[in-house]
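Undergrad: Next up is a structure, given as structure tokens.
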Amino acid sequence: MDNKILGLHHITAIARNAKRNYDFYTGVLGLRLVKKTVNFDDPGTYHFYFGNQTGTPGTILTFFPWEGIGAGRTGTGMATEIGYSVPAGSLEFWADRFKQFKVKQDIAVESFGEKSLSFTDPDGLKINFIEPKQVDERAPWETKEVTGKEAVKGFHSIVLTLKNIKPTAELLVDVLGYRLLEQDGNRYRFITGAIENAAVVDLVESPDEAPGINAAGTNHHVAFRVRNEEILMAFREKIASRGLGITAKIDREYFFSLYFREPGGVLFELATDNPGFATDEKVEELGSNLMLPKQYEPSRAKIETLLPNLN
Ligand code: ZN
């Protein structure tokens, strides 16, 4: 299984206020900030990584909080819903907690035989908390208010909304190793057997829907997980041989990446397990320091004055 795509690695979305974003994901949802760094292409902007204790691939949601950026619009050619796995019986806790914090939520429903509660983050990003059919053994990050009985385990799934699912489905099956599991109306559930969790991609076919606009409250890209750089580069060959444009290998400090646009318009990334988030901070300290890549270290003082205050 080692040379396969191992489900989701991370998902990256856009927010418009760093402090509000940080408070929501660490405070309300109880995730751990595992890395506080800057956007490597725009060092006056934070790049937050929220996940479990060590930021295991398959648990990591990352944000570019661009202060004051306008609201985006979900639509086709975009990842439109993030699915997190939560413990069985915890949705009632979450519904109460969302009420307490005035989080916009829907009534819990059943989807593909699993209980699911939808809500939106402060920028309108849609998230589903799902009680999966299979027990999820991943250890969650716990806080005083969100204990192990309720805490988020990591990703369950991602939803891609597409005008036509066919070319994306072919890529998922032929190249990324997924198979069609179930269909419910215009929603098609794909799964990989290469890993137990974060293994689901749902494709929603919506031919008449307008294309999404990528700004605050929308997902920027979806990263799939591979074990190491050798496997990463083998996938680069496979994807390029289908005529899709794909970047060279990029060093993201905590993983190595390739980016390409899948035929339905969603920006995909492939990212490695190595070296991981403990490469520049101890596990106990993850997220507590502002970590800069070496090219920005000489400008640290200036960058620190540019970045918004989180306290
Ligand atoms: Zn990424």
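Just so it is clear, none of the values below were taken in a lab; they were calculated from the coordinates. Computed from a predicted model, the values in this text were never measured in an experiment. Ideal geometry is used to build each Cβ from the backbone, glycine not excepted, and the neighbour counts take in all protein chains shown.
Undergrad: Can you give the direction-averaged projected area of the convex hull of the alpha-carbon atoms in segment 8-306, in nm²?
TA: 14.9
Undergrad: Let me ask another. Over segment 36-188, what relative contact order in percent results from Cα pairs under 8 Å that are six or more residues apart?
TA: The normalised contact order for segment 36-188 reaches 25 percent.
Undergrad: Full-extension gain between ARG138 and LYS99, please, as 0.36 nm times their residue separation minus the C-alpha to C-alpha distance.
TA: Taking 0.36 nm per residue and subtracting the Cα distance, the gain is 11.4 nm.
Undergrad: Taking 0.36 nm per residue of sequence separation and subtracting the Cα-Cα distance, how much length would be gained by fully extending the chain between ASN228 and LYS294, in nm to one decimal?
TA: 21.5 nm
Undergrad: Here is a further query. Between ARG261 and GLU110, what is the spin-label point distance in nm, taking each point 7 Å from the Cα along the Cα→C-beta axis?
TA: 4.1
Undergrad: Based on C-alpha coordinates, I'd like the Rg and Dmax of segment 98-203, in Å.
TA: 15.4, 45
Undergrad: For segment 227-233, just list the computed ³J(HN,Hα) in residue order, Karplus coefficients 6.51, -1.76 and 1.60, θ = phi - 60°, integers in Hz, with x standing in for Gly and Pro.
TA: In residue order, the calculated couplings are 5, 7, 5, 5, 5, 3, 6 Hz.
Undergrad: Using θ = phi - 60° and the Karplus curve 6.51 cos²θ - 1.76 cosθ + 1.60, what whole-Hz ³J(HN,Hα) does each residue of segment 235-248 get, with Gly and Pro shown as x?
TA: Values per residue, Gly and Pro as x: 5, 4, 4, 4, 6, 4, 5, 8, x, 8, x, 9, 6, 6 Hz.
Undergrad: For a quick check: with amide H placed at 1.01 Å from N, whose amide H comes under 5 Å from HIS221's, ignoring anything fewer than 5 positions away on the same chain?
TA: THR12
Undergrad: Among bridges DSSP assigns within segment 8-306, what percent are antiparallel (round to 5)?
TA: Roughly 70 percent of the DSSP beta bridges within segment 8-306 come out antiparallel.
Undergrad: I would also like to ask the following. Under 8 Å for C-alpha pairs, at least 6 residues apart: give me the relative contact order for segment 8-306, rounded to a whole percent.
TA: Computed value for segment 8-306: 24 percent relative contact order.
Undergrad: Below 12 angstrom from the Cβ of LEU306, what's the summed charge of the other residues (Lys, Arg +1; Asp, Glu -1)?
TA: -1
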